[in-house]
């Protein structure tokens, strides 16, 4: 299982320094009052969101979309749910941490090897949901679309 390939937890402001950030992959975002920085990744209840990207801009681009949405722009559904609960950006980012598992490949390629790797990314996201659900009997808070409201749909 690739779960041991996640980076150490990193505070949100240092996310662009994560190893493999330019590649596609899975990201886990946690909210914690305890400093998680530089701790090895493990499945913890503080994980509030699991996401993935196969984008040309990799994890870096997707995390930027997340950040932009939490600030008040649009582009990331999960971040819109964070924003509903945490309207003040500066309060949220003080306790926001991220860990990523990147998959090195060329997302512009149609080679069987690269296509299979991109498929592994998508599958691994669901594996991560399953692992979390097994451990905590639910999805992470902001992956739970039934019980987690979007800011953009409630503040018009």
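The values are calculated or read from the model by the stated rules, or taken from the named source; none is laboratory data. This structure is a prediction, so every number in the text was calculated from the model and none was measured. Ideal geometry is used to build each Cβ from the backbone, glycine not excepted, and the neighbour counts take in all protein chains shown.
List of remarks:
- Test: residue in segment 40-47 that is in contact with a helix residue (DSSP H, G or I) (Cβ under 6 Å, 6 or more places away or on another chain), outside any helix (DSSP H, G or I) and either surrounded by fewer than 20 Cβ atoms within 10 Å (Cβ to Cβ) or at pLDDT below 95 (or both): yes
- In the set 128, 101, 105, only one residue is buried (at least 20 other Cβ atoms within 10 Å of the Cβ) and more than 13 Å from the chain's Cα centre (by Cα); that residue is 105.
- Number of positions in segment 70-96 that are assigned to a helix (DSSP H, G or I), under 26 Å from residue 133 (Cα atoms) and over 11 Å from the mean Cα position of the chain (by Cα): 10
- Of the residues making up segment 108-124, those that are surrounded by 12 or more Cβ atoms within 10 Å (Cβ to Cβ) and farther than 27 Å from residue 48 by Cα are 109, 114, 115.
- Residues of segment 61-88 satisfying the condition of being in contact with a helix residue (DSSP H, G or I) (Cβ under 6 Å, 6 or more places away or on another chain), surrounded by fewer than 21 Cβ atoms within 10 Å (Cβ to Cβ) and either within 22 Å of residue 147 (Cβ to Cβ) or modelled with pLDDT of 90 or more (or both): 71, 84, 86
- Within segment 23-37, the set of residues being touching a strand residue (DSSP E or B) at 6+ places or on another chain (Cβ under 8 Å) and exposed (fewer than 15 other Cβ atoms within 10 Å of the Cβ) comprises 35, 37.
- Positions within segment 24-39 being closer than 16 Å to residue 4 by Cα and part of a loop (DSSP other than H, G, I, E, B), in sequence order: 38, 39
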